[in-house]
Amino acid sequence: MSESGHSQPGMYGQGRRRRRRRGDRDVGPPGQNLSGPSRDRDYQPRERRDGSEDPPGPLIQKTPIILAKPPGERAKPSQNTPVSGAPVLEKPIMLMKARDDGGKPGTPTESAAQSSGPPSKIEREGQRPTQPVYQIQNRGMSASASSGALDPMVGQSKLLPPEKMKHSIKLVDDQMNWCDSAMEYLRDQTDMLVVGVIGLQGTGKSTIMSLLSANTPEEDQRSFVFRPQTQEIKERGGNQSTGIDFFITQERVIFLDTQPMLSPSILDHLINNDRKLPPEYNLPHTYVEMQSLQIAAFLFTVCHVVIVVQDWFTDLNLYRFLQTAEMLKPSTPSASHDSTGSSGSDDGAEYYPHIVFLQNKARRDDFCPRNLKNMHMVVDKLMAHSHLKYKGTLSMLDCNIFPGLGQDYLTTEVNMFLLPVQENDGEDNLTKAGSGTYPLFSLLPGYRGHPAFSTMVSKLRSQILAMPRCQLSHTILTEKNWFHYAARIWDGVKKSSALSEYSRLLC
């Protein structure tokens, strides 16, 4: 105010206000007001949450707009801003949502989160879990995200070993009907081997399959997984096995034991018990032969290895039966497989298993190298026109059974193996060598001309388990898929038009 009482121009006008504001910025710390103490009491400058200071005057009206955002977003907006312009916390929020929705790795939500750049500083400081934590939780909780917490028994059951079989079960019953009881022992894995066996009655098929699968020669035969013939059944000329029996080992090897081919005891049972035949068969012997052909054609389609057991050398009717079953086997598409050792030309469209000719109860003369060579030559000539893989995958010369013979001794070597008669302690004592002159020789066993029976069984098992595992169909089958595939093949064999036509020719 001037002495005349009139205010000087510009004292309290816009010019005065501008000079004061420049003075506030140029001199003194923030908060000092040069107008006097009354102005300081009326207005106290407030600090923002980001560390800056509100300017005095009417500009403090912008403060509510700034405080509308959370403090965390306002903390470091300019230090680590993504190039794409997306918010910093968008990635963990999206990952949380993907976990709750049961998302799996590779979903669009998680892919977008992974492509948004490196983890933010907030995650590095430990305020939120990192991305791998969400991924692990997604994998563990995806199956039960909708139902709640994960049941520990579900995960534990997947780690349990497969159930061990103690005895064989029926795959095909005596009425030639398919059984589903074997499904519970199978798993969803592809590393398996299927071994079947065929042979005439009383040749020892069930005993051999038990020794190859789970038993030893020293065990009681009544505890074998495939029950052999009892003494009573042998005396009345009966058969023990009916249909097809199933057994799978812990090494995932499936063994299929069958009823005897062309069995006279089954024919006698049909005739004497007046069993009704199916309408498509008129004579009992036709029905028995067609049953045998159906089983053999089925094994030729679903097995990697088929063992043909004989107890003497040799029956020409058995080879004729094998060729007939090969002719009537159902056509199955197959991918390219190893044709090494197969005789004849492989057309690439049909699957044929490996055949092993097993001479059971072989005598000592059968192990003579000259006789062994003649046996291989005869089988090779009988199977010359067959597509079955009967050569090149099993050899007795590789087992060190004949250490004095070279690898080229058998020029026409086929898949043949000889098993001697199973020795007993009483019979072994009768063959003791030397008595009287050289008493020490009586402590030695007699000359047998071949290794012990248990040694031969062990070598045969090693050879069988090392057989090539060709692809059975155009796709790779798991154990469960094989079971369904075998069920379809068995149904197709029973309804085969080729087998029906062949049965009408037999009448």
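The values are calculated or read from the model by the stated rules, or taken from the named source; none is laboratory data. Fair warning: this is a prediction, and the values are worked out from it, not measured in the lab. Cβ atoms come from the backbone with ideal geometry, glycine included; neighbour counts cover every protein chain shown. We work out accessible area using only protein heavy atoms, side chains counted, and drop any ligands, DNA or RNA first. Shrake-Rupley method; radii C 1.70, N 1.55, O 1.52, S 1.80 Å.
Assuming a ≥ b ≥ c are the square roots of the Cα gyration tensor eigenvalues, decide whether region 162-217 counts as rounded (a/c under 1.5), prolate (otherwise, with a/b larger than b/c) or oblate.
Cα axes put region 162-217 in the oblate bin.
May I ask you to derive the FRET efficiency for Cys179 and Val421 from their Cβ-Cβ distance with R0 = 35 Å, giving the value to the nearest 0.05?
Approximately 0.50, to the nearest 0.05.
Out of residues 5 or more away from Tyr390 or on other chains, whose amide H comes under 5 Å of its own, with H placed 1.01 Å from N in the peptide plane?
Ser343, Ile355
Please work out how much length the chain gains when fully extended from Thr412 to Glu501, using 0.36 nm per residue of separation minus the C-alpha to C-alpha distance, in nm with one decimal.
28.4 nm
Amide H of Val197 versus every other amide H placed in the peptide plane: which residues, excluding those fewer than 5 positions away on the same chain, fall under 5 Å?
Correct list: Leu256, Thr258, Ile307.
Leaving out ligands, DNA and RNA, and with a 1.4 Å probe, what % of the accessible surface on region 179-302 is carbon or sulfur?
Ligands and nucleic acids excluded, carbon and sulfur give 46 percent.
Compute, for Thr190, the solvent-accessible surface of its heavy atoms (probe 1.4 Å) with the complete set of protein chains present, and express it in square angstrom to the nearest 10.
Result for Thr190: roughly 80 Å² accessible.
Counting only the heavy atoms of the protein chains, how much of Arg488 is accessible to a 1.4 Å probe, in Å² to the nearest 10?
Rounded to the nearest 10, the figure is 150 Å².
Given a 1.4 Å probe and the protein chains all in place, what does the accessible area of Ser331 round to, in Å² to the nearest 10?
The accessible area of Ser331 comes to roughly 90 Å².
Take the Cα of Lys234, step 7 Å along the line toward its Cβ, and report every residue of region 352-380 whose backbone nitrogen sits under 19 Å from that point.
Counting backbone N atoms under 19 Å from the label point, the list is 359-364.
Among 288-301, 395-408, what's the highest-first ranking by average C-beta atoms within 10 angstrom per residue?
Answer by packing, highest mean first, reads 288-301, 395-408.
Pairs Lys166/Lys480; Lys361/Lys459; Lys389/Lys494; Lys170/Lys205: which are spaced more than 22 Å apart, C-alpha to C-alpha?
Going by Cα-Cα distance, Lys389/Lys494 fall outside the 22 Å limit.
Sort Lys389, Lys480 from largest to smallest accessible area, using a 1.4 Å probe on the heavy atoms of the protein chains.
The residues order as Lys480, Lys389, largest area first.
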